[in-house]
Amino acid sequence: MWGGRTGALLRVWGLWPAGVRGRRPLGCNAASLAGNNSPQCWNCGGPGVPKRGDGFFCPQCRALQPPDLTRDYFSLMDCNRAFGVDTAKLQNRYQQLQRLVHPDFFSQRSQTEKDFSEKHATLVNDAYKTLLAPLSRGLYLLKLHGVEIPEGTDYAMDQQFLMEIMEINEKLAEAQSEAAMKEIESIVRAKQKELSANVSKAFEQDDFEKAKEILTKMRYFSNVEEKIKLKKIPL
């Protein structure tokens with residue numbers, strides 16, 4: 001059932017060549033071949049698919065291939081490697097890939113393909129969540145350029161900024177009404193929007209040190225946002 005439905009979807013999207021019939025049975029050494037990086041298909045031994053592109057399936061036997069873990073999230077989600085991302089396009093791409101590799105579509109397939117579908121789905125989910133949020137997207141883009149901000153480390157922030165964060169945290173701790181909470185939430189949202197615009201410019205200018213500084217500030221405000229969410233939860 002799923003083989004026919006999946007095949008039809010793949011042909012519509014141009015990811016599965018028309019005219020291919022059936023699939024060859026699994027070889028006895030499928031499990032041992034599943035983990036290697038050979039361009040050959042693990043199932044039929046055919047030429048398989050290119051490392052890049054949307055060839056998730058073998059063009060010869062239709063077997064799902066292992067995910068390419070060297071592929072970056074921007075490439076996987078069909079986005080330009082930049083801070084500015086079309087979130088509507090990102091969501092459409094996510095839904096498209098989900099229809100291709102979701103484990104539900106492989107319930108009647110081989111165990112090897114079930115395992116691959118779960119790995120594909122995990123990779124797609126991680127990529128989507130990372131690129132959807134400005135902070136995680138910026139940190140990931142920074143990492144691709146060889147710059148990281150490890151968790152739990154402090155970046156040298158100016159005293160004025162630290163005082164601003166302290167004052168917002170104090171207001172949040174004292175807030176007792178919904179109106180007070182909304183006011184703080186509005187301030188933080190505006191700050192994040194401003195910082196997002198600034199970090200976008202920094203990336204456009206390849207100023208990664210500046211991007212690192214701004215993303216660190218965004219992380220501070222993200223922590224405040226988490227505190228706001230927690231305070232909204234009734235005890």
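All of the numbers you see were taken from the coordinates with simple rules; none came from a lab. Here the structure is a predicted model, which means the values were calculated and not measured. Quick reminder, even Gly has a Cβ in these numbers, built from the backbone with ideal geometry, and neighbours come from all protein chains shown.
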Spin-label pair Leu132/Arg219, simplified geometry with 7 Å Cα→Cβ offset, distance in nm: 2.3
Please turn the phi angles of segment 105-114 into ³J(HN,Hα) values with the Karplus equation 6.51 cos²θ - 1.76 cosθ + 1.60 (θ = phi - 60°), one per residue in order, whole Hz, x for glycine and proline. 7, 10, 5, 9, 9, 5, 4, 4, 5, 4
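What full-extension length gain, to one decimal in nm, is calculated for Ile233 and Thr122 as 0.36 nm per residue of separation minus the Cα-Cα distance? The partial results should precede the final answer.
On the way: separation 111, 0.36 × 111 = 39.96 nm, distance 2.90 nm.
37.1 nm is the gain from fully extending Ile233 to Thr122.
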Karplus ³J(HN,Hα) for segment 194-201 (6.51 cos²θ - 1.76 cosθ + 1.60, θ = phi - 60°; Hz, whole; x = Gly/Pro) runs 5, 5, 4, 5, 5, 6, 4, 5
